[in-house]
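Asks: The following block contains the structure, expressed as structure tokens.
The values are calculated or read from the model by the stated rules, or taken from the named source; none is laboratory data. Please read these numbers as outputs of a predicted model, since none were measured by experiment. Every residue, glycine among them, receives a Cβ derived from its backbone with ideal geometry; neighbour counts consider all protein chains shown.
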2 protein chains.
Amino acid sequence: MTTKNLSPTDRTKLGRIPQRGVYDCETIYQILDEAPYCQLAVSLQGNPVVLPTMHTRIDNKLYIHGAKENRLLNHIAQGAQACISATLLDGLVLAKSGLHHSMNFRSVVIYSTGIEITDPKLKTKALETLVNQIVPQRWNDSRPPTDAELKVTKVIEFSLEEASAKVRTGPPMDDKRDQELPYWSGNIPLKLVWETPVPDATSDGIPLPAYLSRPHESLGKKWQASA
Amino acid sequence: MTTKNLSPTDRTKLGRIPQRGVYDCETIYQILDEAPYCQLAVSLQGNPVVLPTMHTRIDNKLYIHGAKENRLLNHIAQGAQACISATLLDGLVLAKSGLHHSMNFRSVVIYSTGIEITDPKLKTKALETLVNQIVPQRWNDSRPPTDAELKVTKVIEFSLEEASAKVRTGPPMDDKRDQELPYWSGNIPLKLVWETPVPDATSDGIPLPAYLSRPHESLGKKWQASA
């Protein structure tokens, strides 16, 4: 496996706690692939707007889609810079000192000017990858988009050249003088699990597909297994 | 219980699918209290920057803290507008049509100019509320901050006056013509659970506190129960 490293820029270089900064593409791509959604920020008339949205990655590009009248995507299609943040919460960190409480997490931040994708084949490919990244094998078990649907769907492609990850793992980092204090300290791992699938009213008599028959399995682990 | 409604502004009014827009404070506050972290966006030299950070709510104010050299918080302390997004992922939505796949979620977006809090009592109160909102009863089982620690910690207070929630629940919304298709459709509820707490090397012989003895309990439900 090739492990390409990105060059940190002024914006992606970590100021504080620089040892948490990660610039290898493998880590950055894995976090993006596991994160079920991201937060997309743009400046509108000089003021920030940030909204949650789904994303997907193909090679060294990230794709975000929306309705054709989506004002954030339109602004980006017209050349506005975007900043995208995707975060996975892995655990709670309980230190002996109140102020040293923290979280274990993996996050990625991307700076990019996006470009609108108009080729229907690539638009469809981005949508297929998005659905399959969240639920492997799902795309082929659903109706593909029509030309008319693709026309009213805007897809923006972002380069992943200016990106970095930040990762915190492990126990709390209390000051030496606090380590004798009588408080329990440590970390609590968290995981996102899926519960039993709930069929809708139109699925009477349709058996649950095998790719959905894994209740209570960790989503993160599922994604890692299917990579 | 009083249910105050915020007045939608041009920025918080939902354009598409307006029935998902929620403006009552009770819903907005509940999402903010349950979300373990948020994404804080500002414009730096006209370009967006968004980063994950922890937050807490006291009444109709939101508090975010960081190191005193934190460039986003400093920018906000100097008067820059912020946009804050907090999202809870509740489930996956699998439609019969590929393009109608979605997620069930509850999210809040806030537009606010923050002000720096310098009163040590209010700073401590914000930190206490933050820790206890994530792990109830924890603050009193940890060392309180010293004056010196408070001095190097920046706390910003945001008004929750210009905020809105967006909520999606329930089954997919397929077009009528797709409802006869043979694909399974429905939703998969997700939950964030905590696994067995892991003591660090300085906690030998310290029993796990009762407030941490609830492995595999849904975090969301825990927060709802403790409200």
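Asks: Taking only pairs six or more apart or across chains, which ones have beta-carbon atoms under 9 Å, a first residue in segment A:201-223 that is within 11 Å of chain B (Cβ to nearest Cβ) and within 13 Å of A:P136 (Cβ to Cβ), and a second residue that is surrounded by 13 or more Cβ atoms within 10 Å (Cβ to Cβ) and modelled with pLDDT under 60?
Replies: From residues that are within 11 Å of chain B (Cβ to nearest Cβ) and within 13 Å of A:P136 (Cβ to Cβ), the pairs are A:R214/A:K222.
Asks: Out of all the residues in segment B:101-112, is one or more touching a His at 6+ places or on another chain (Cβ under 9 Å) and under 30 Å from A:V131 (Cβ atoms)?
Replies: No.
Asks: Cβ contacts < 6 Å: first residue more than 19 Å from B:D10 (Cα to Cα), restricted to segment A:62-77; second residue at pLDDT 95 or above and of a type in the set (S, T, Y), any location; separation 6+ or different chain. Result?
Replies: Within 6 Å, the pairs are A:Y63/A:T56; A:I64/A:T53; A:H65/A:T153.
Asks: Conditions first: (1) within 7 Å of chain A (Cβ to nearest Cβ); (2) in contact with a His (Cβ under 8 Å, 6 or more places away or on another chain); (3) not in a strand (DSSP E or B). B:L130 passes all but one, so which condition is the exception?
Replies: Here B:L130 clears every test but (1).
Asks: Suppose we filter A:I84, A:I76, A:I64 for residues that are within 16 Å of A:V155 (Cα to Cα), β-branched (V, I, T) and not in a strand (DSSP E or B); which single one remains?
Replies: A:I76
Asks: Sticking with this structure for a sec: Does A:V167 meet the test of being part of a strand (DSSP E or B), touching a Ser or Thr at 6+ places or on another chain (Cβ under 8 Å), of a type in the set (V, I, T) and surrounded by fewer than 18 Cβ atoms within 10 Å (Cβ to Cβ)?
Replies: Criteria met by A:V167.
Asks: Return the only residue of A:V22, A:V42 being farther than 13 Å from A:A165 by Cα, more than 14 Å from the chain's Cα centre (by Cα) and β-branched (V, I, T).
Replies: Exactly one residue qualifies, and that residue is A:V42.
Asks: Still on this structure: I want to confirm something. Restricting to segment B:51-68 and keeping residues that are facing chain A (nearest Cβ under 7 Å) and over 11 Å from the mean Cα position of the chain (by Cα), which single residue is farthest from A:V135 (Cα to Cα)?
Replies: B:A67
Asks: If you scan segment A:101-120, which residues turn out to be of a type in the set (D, E, K, R) and touching a Phe, Trp or Tyr at 6+ places or on another chain (Cβ under 8 Å)?
Replies: The answer is none; no residue qualifies.
Asks: Out of all the residues in segment B:137-156, which are under 15 Å from A:L181 (Cβ atoms), in contact (Cβ under 8 Å) with a residue 40 or more places away in the chain and outside any helix (DSSP H, G or I)?
Replies: B:R138
Asks: Would you check which residues across segment B:69-83 are among the polar types (S, T, N, Q) and more than 8 Å from chain A (Cβ to nearest Cβ) and list them?
Replies: Of everything in segment B:69-83, those that are among the polar types (S, T, N, Q) and more than 8 Å from chain A (Cβ to nearest Cβ) turn out to be B:N74, B:Q78.
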